[in-house]
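Visitor: First the structure, which I've put down as structure tokens, then a few questions once you've had a look.
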Amino acid sequence: MSGRYSAARTSLRTAAIMLGFTVVFTALMASSYEATRPAIQASLQEAQMRLIDEVLPPGSYDNALLEDVVHLGPTAAIGVDEGGRVWRARRGGTPAALVLEAAATDGYAGRIGVVVAVGADGMLSGVRVVSHKETPGLGDYIDPKKDRNKASPWIGQFAGVSWRDVDTAQWTVKKDGGVFDYHTGATISARAVARIVGRTVAFAMERRDALFAATSGSTLQGNQP
């Protein structure tokens, strides 16, 4: 009987020690997270700004861009089925440009995430591919970091193209009757990017007033007309 009592007491003591370790470890983790959260947040914001600076000239706006953002609910038109973000650039309080997250769902290897910057007048200032699984050395030239032509990367041809000058059907590669170049033997990736850029520009211009007027931090239902 005493042996069973001793064993039970040992088990309880062990459980209490383990619980104590768990509580202390959890507290330490929480404290560490709170201490590092500002640095992590600052690092994320720096990465966001570096990306935006690649598609939108810093001198073209004077507002705090990362704070002037609206969220989109699921928006099939630009491929963000789980929602996305739109940053609003302004100069002197006047709408200057929109930077939108979008995604092509018809890449050779699936989803291709992009960021598109379009001026309030409908002119593109830049496009960047932010995620993809296209074939290395073949279709991945859509990403300027992997494009062998560093002097004139493929993605650069979108800068300066105006929504007003390109018909909706021409937002594709030249092989399909569009206006954009592509690499022979690797058409699918380029076609997917060109088409999603066209749809994103169209969406931005059709919803421009609502996007600029929305309260910062609010969510718009992108699938609504």
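The values are calculated or read from the model by the stated rules, or taken from the named source; none is laboratory data. Quick caveat: nothing in here was measured; it's all calculated off a predicted structure. Every residue, glycine among them, receives a Cβ derived from its backbone with ideal geometry; neighbour counts consider all protein chains shown.
Visitor: Among the residues of segment 164-216 satisfying the criterion of being among the hydroxyl-bearing types (Ser, Thr, Tyr) and not in a helix (DSSP H, G or I), which is modelled with the lowest pLDDT?
Guide: Going through segment 164-216, the residues among the hydroxyl-bearing types (Ser, Thr, Tyr) turn out to be 168, 172, 182, 184, 187, 189, 200, 215-216.
Filter again for not in a helix (DSSP H, G or I), leaving 172, 182, 184, 215-216.
Details: 172: 96, 182: 95, 184: 89, 215: 96, 216: 95.
By that ranking, first place goes to 184.
Visitor: Also, quick follow-up: (1) without any contact (Cβ under 8 Å) to a residue 40 or more places away in the chain; (2) closer than 25 Å to residue 75 by Cα: which one isn't true of residue 132, the others all being true?
Guide: Single failed check for residue 132: (1).
Visitor: Could you check segment 62-141 for strands (runs of 3 or more DSSP E) lying wholly inside it with 3 or more residues that are farther than 15 Å from residue 155 by Cβ, modelled with pLDDT of 95 or more and not hydroxyl-bearing (Ser, Thr, Tyr)?
Guide: Working: elements: 69-72, 84-91, 94-107, 110-119, 124-131.
By residue number, 69-72, 84-91, 94-107.
Visitor: Let me ask something additional. For segment 77-95, give me each residue that is buried (at least 20 other Cβ atoms within 10 Å of the Cβ) and hydrophobic (A, V, I, L, M, F, W, C).
Guide: To start, the set of residues in segment 77-95 that are buried (at least 20 other Cβ atoms within 10 Å of the Cβ) comprises 78-80, 84, 86-89.
78, 80, 86, 87, 89 - these are the residues of segment 77-95 that are buried (at least 20 other Cβ atoms within 10 Å of the Cβ) and hydrophobic (A, V, I, L, M, F, W, C).
Visitor: Tally time: how many residues in segment 201-220 are within 15 Å of residue 88 (Cβ to Cβ) and buried (at least 24 other Cβ atoms within 10 Å of the Cβ)?
Guide: As a first pass, look at segment 201-220 and keep what is within 15 Å of residue 88 (Cβ to Cβ): 203-205, 207-220.
Now restrict to residues that are buried (at least 24 other Cβ atoms within 10 Å of the Cβ): 204.
Final tally of qualifying residues: 1.
Visitor: With respect to residue 167, is the statement that it is surrounded by fewer than 20 Cβ atoms within 10 Å (Cβ to Cβ) and touching a Phe, Trp or Tyr at 6+ places or on another chain (Cβ under 6 Å) true?
Guide: Working: surrounded by fewer than 20 Cβ atoms within 10 Å (Cβ to Cβ): yes; touching a Phe, Trp or Tyr at 6+ places or on another chain (Cβ under 6 Å): no.
No, not satisfied.
Visitor: List the number of the failed condition for residue 66; all other conditions in (1) buried (at least 21 other Cβ atoms within 10 Å of the Cβ); (2) touching a helix residue (DSSP H, G or I) at 6+ places or on another chain (Cβ under 7 Å); (3) aliphatic (A, V, I, L, M) hold.
Guide: Of (1) buried (at least 21 other Cβ atoms within 10 Å of the Cβ); (2) touching a helix residue (DSSP H, G or I) at 6+ places or on another chain (Cβ under 7 Å); (3) aliphatic (A, V, I, L, M), only one is false for residue 66: (1).
Visitor: Residue 59 fails exactly one of the following numbered conditions: (1) under 20 Å from the mean Cα position of the chain (by Cα); (2) not in a strand (DSSP E or B). What is the number of that condition?
Guide: Just one mismatch for residue 59, condition (1).
Visitor: Are any residues in segment 154-178 touching a Lys or Arg at 6+ places or on another chain (Cβ under 9 Å) and more than 17 Å from residue 199 (Cβ to Cβ), and if so, which ones?
Guide: If the condition is that a residue be touching a Lys or Arg at 6+ places or on another chain (Cβ under 9 Å) and more than 17 Å from residue 199 (Cβ to Cβ), then 175 is the only one that fits.
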